[in-house]
Structures are given as structure tokens and as C-alpha cells.
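Heads up: the structure comes next, in C-alpha cells.
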Amino acid sequence: MVSVSSAGTAAVAPAPPAVSRTRRAGRALLLLALPAVIVLGVFFVVPAIRLAWLSVSTPELGIGNYTGLATDGVVVTVVLRTLGMAAVVTVLCVLCAYPYAYLMTIVGPRWRAVLTALVLLPFWTSLMARTFAWVVLLQDTGVVNALLAAVGLGPTRLLGTTAGVSIAMAQVMLPFMVLPVYAAMRGIDRRLVDAAMGLGARPINAFLRVYLPLSLRGVAAGATLVMVLSLGFYVTPSLVGSPQQSMLAQLISVQVNQLLNFGAAGALAVTLLVVTLVLVAGVQRLTRTGGAPAALVGGTAS
């Protein structure tokens with residue numbers, strides 16, 4: 001604020017206390033975020049820029065690595081297989097996590113604690129140990145094949161196949177789906193469903209028209225997380241799968257460790273990064289305008 005004194009000179013009034021407090025709070029938040037920004041820049045942005053530079057500078061300057069990958073049938077097959085595998089794992093996680101998360105919202109505090117502990121238990125176990133456990137379970141003489149044979153569906157070859165890799169990856173990724181879905185469901189007012197049924201909607205219709213749309217944000221968040229992690233998964237596909245079922249991360253490893261083709265590996269890594277960013281941007285665009293269902297019980301009364 002500017003005021004004019006009796007001498008005709010302009011004087012700047014001090015900023016209001018509320019504005020000063022807001023500025024100080026903003027500076028404090030920036031200082032708190034500074035270590036994370038530095039770590040992200042050093043360990044993510046700088047390596048990503050280096051990979052992008054390698055992809056267009058090795059062995060010679062240009063986009064030869066990208067054109068070579070686009071015309072290589074093996075690379076195209078691996079990329080499509082990776083996308084398909086990630087989509088299958090995401091669908092499996094949604095089908096398993098949604099009813100599990102819903103059960104967590106309707107049970108009592110004691111059982112909720114048990115169910116939460118079961119979800120968090122994989123985080124307390126080594127990924128390598130869990131993967132080797134799946135190698136044992138999925139063997140031709142393993143427990144899974146024994147159960148399938150008991151119901152007349154086996155024995156079936158699972159180890160080294162796409163089905164086996166999908167099952168093992170889904171188990172590893174399941175907590176990343178359950179927790180976002182549960183967080184979204186916890187914020188839903190169940191009285192909305194009761195109100196829909198009170199207005200004449202059947203329970204299933206009230207669930208589909210009221211509860212399900214309100215929980216889709218959590219499903220979208222969990223599906224994005226699982227899909228992104230599955231695209232770059234390496235350990236489980238390497239141990240449970242086979243060279244014939246290689247995914248993109250394994251192909252990058254071969255290019256770096258065996259063929260020493262850093263340019264092609266950089267192009268593959270940049271391709272994976274671009275696919276991931278496009279996926280995240282697409283999900284954000286789809287969920288940006290999401291909200292409460294437009295019609296709660298329209299046409300559901302019977």
C-alpha cells in the first residue's frame with residue numbers, strides 16, 4: 001500500500017501481518033521440499049537426461065536407435081507383450097483388491113486390523129524370497145498344480161509361462177491396489193447408499209449407481225500405480241518366466257549387460273518412460289472431471 005505524506009513524498013506501508021505469515025509459510029514449505037527436489041533431480045532427472053542423450057548420440061548422432069527399434073520385430077513384440085502383461089496384472093489386481101478393500105470397510109476394527117496386516121505383510125518380506133516361493137508353487141509338481149489336478153483342471157504348465165508370471169506379479173502388486181481403493185472407500189458416506197435404497201433402489205442398483213462411481217478414483221489411482229510398476233518389473237518375470245516371455249526391462253538388461261548396446265538400451269528406456277507418462281496423463285485426464293454420480297436412483301426402483 002502506498003500513502004502520500006504531508007511533505008509530498010510517497011511512503012510504502014508495511015505488508016499486512018496475514019500476507020507476511022503466508023509468505024513465511026510458503027518459504028518454509030519450499031525449504032522442506034528442497035531436499036526431495038534435490039534427490040529427485042540427482043537420481044532421476046539427471047540419469048533420464050543422460051539416457052536420452054545416449055539414445056541419440058551412441059553410436060552416432062541421430063535417431064537411428066529409435067528407427068531401428070521401431071523396425072525390429074522382436075522389440076515390437078516385447079513392447080506389446082509388456083503392455084499386455086501389465087494390463088492383465090492390473091485387471092487381476094482390480095478383481096482381487098476391490099472386494100477385499102470393500103470387506104475392510106464393513107468389518108469391525110479388530111478384523112480390519114487383521115486384514116490390513118495381511119495386506120502389509122508382503123512389504124515386510126523380501127521380494128526375492130516371495131518370487132522363489134512362487135517358483136516352487138508353480139512347478140509341475142507344485143501346490144498350485146496339485147490343487148488344479150484335484151478339481152480336474154490340471155496338471156497345467158505354469159512355470160515359465162505368461163500365466164505363471166501374471167499370477168506371481170499380481171500377488172506382488174496387490175497391496176499397491178488394495179490401499180488406494182480402501183482409502184477411497186473409507187471416505188464414502190454409506191448413508192448415500194442407504195438413502196438410495198430408501199428411495200426404492202435395489203441394493204445392487206444402489207451399489208452400482210452410488211457406491212461404485214464414488215470409489216472409481218481409488219481404483220484409477222491403484223490401477224495407475226500397478227500398471228506403471230508392472231511396465232518396468234524385472235525380478236519376477238526373470239525368475240518365474242522364460243527368455244521366450246521376456247519383458248521390456250529384461251530386454252534393456254540384455255542390451256546393457258550382454259550386447260553393450262547402450263544407445264539401444266537408452267532408446268528402450270526413453271520409450272518406457274514416455275509410455276508411462278502418457279499412461280499417467282491419460283488417467284489424470286479421465287479422472288479430472290469425475291465426481292458424484294449424476295443420477296442416484298433414476299430408473300432403479302422396482
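Listed by position, the helices (runs of 4 or more DSSP H) enclosed by region 24-106 that each have at least 2 residues that are under 22 Å from the mean Cα position of the chain (by Cα) are 46-57, 73-106.
Would region 157-176 turn up any residue that is of a type in the set (Val, Ile, Thr), free of Cβ contacts under 8 Å to residues at least 60 places away in the same chain and part of a loop (DSSP other than H, G, I, E, B)? Scanning region 157-176 turns up no residue that is of a type in the set (Val, Ile, Thr), free of Cβ contacts under 8 Å to residues at least 60 places away in the same chain and part of a loop (DSSP other than H, G, I, E, B).
Any chance you could count how many residues in region 173-227 are open to solvent by 10 Å² or more (accessible area, probe 1.4 Å) and within 30 Å of Met128 (Cβ to Cβ)? Of the residues in that region, 12 qualify. Does Trp111 satisfy the criteria of being within 27 Å of the chain's Cα centre (by Cα) and surrounded by 12 or more Cβ atoms within 10 Å (Cβ to Cβ)? So Trp111 passes the test. Trp134 fulfils the conditions (1) closer than 26 Å to Tyr234 by Cα; (2) aromatic (Phe, Trp, Tyr); (3) open to solvent by 60 Å² or more (accessible area, probe 1.4 Å) except for a single criterion, (3). The residues of region 185-209 that are in a helix (DSSP H, G or I) and in contact (Cβ under 8 Å) with a residue 60 or more places away in the chain, listed by number, are Met185, Arg186, Leu192, Ala195, Ala196, Asn205, Ala206, Arg209. Residues that are in a helix (DSSP H, G or I), surrounded by fewer than 17 Cβ atoms within 10 Å (Cβ to Cβ) and modelled with pLDDT under 90 do not occur anywhere in region 289-302. In this structure, is Arg81 open to solvent by less than 50 Å² (accessible area, probe 1.4 Å) and basic (Lys, Arg)? Spelling it out, it is not the case that Arg81 is open to solvent by less than 50 Å² (accessible area, probe 1.4 Å) and basic (Lys, Arg). What are the residues in region 251-279 that are more than 20 Å from the chain's Cα centre (by Cα), surrounded by fewer than 19 Cβ atoms within 10 Å (Cβ to Cβ) and of a type in the set (S, T, N, Q), if any? The answer is Ser253, Asn257, Gln258, Asn261.
The values are calculated or read from the model by the stated rules, or taken from the named source; none is laboratory data. These figures come from a predicted structure and were not determined experimentally. Here the Cβ is made from the backbone with ideal geometry for all residues, glycine too, and neighbour counts use every protein chain on show. We work out accessible area using only protein heavy atoms, side chains counted, and drop any ligands, DNA or RNA first. Shrake-Rupley method; radii C 1.70, N 1.55, O 1.52, S 1.80 Å.
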